[in-house]
Structures are given as C-alpha cells and as structure tokens.
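Just passing along the structure, written as structure tokens.
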C-alpha cells in the first residue's frame, strides 16, 4: 500500500520573502568582503 502526500503550493510572497531573507545578508557579506580585500591590495 502506498501513501500519497498532498503537496501544498508555496505562495509567491513567501518565496520572495525567503529569498530576500537569504540574499540580502549574502550580498552584504560579499560586498563587505570585497571592500576589505581591495584595502589589502592597495
């Protein structure tokens, strides 16, 4: 006997909020790292 689970579609708003939650700190970290690295190579 197989059990089938129903998949609830993710709302677009939740998806956008999640990606902003991930990408904003990631972008800040990359920009901060690059600015610190440019100080090293001057």
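What follows draws every value from the coordinates through simple rules; no lab data is involved. In this text the structure is predicted, and so the values were computed from the model without any measurement. Counting neighbours? That spans all protein chains shown, and the Cβs are built from the backbone with ideal geometry, glycine included.
Mind checking the angle between helix 12-40 and the chain's longest principal axis? C-alpha axes, 0 to 90 degrees, to the nearest 10.
Its long axis makes an angle of about 20 degrees.
Can you work out the FRET efficiency for the pair residue 17 and residue 37, with r the C-beta to C-beta distance and R0 = 35 Å, to the nearest 0.05?
It comes to 0.70.
Based on other C-beta atoms within 10 Å, arrange 33, 6 from fewest to most.
In order of increasing Cβ crowding within 10 Å: 6, 33.
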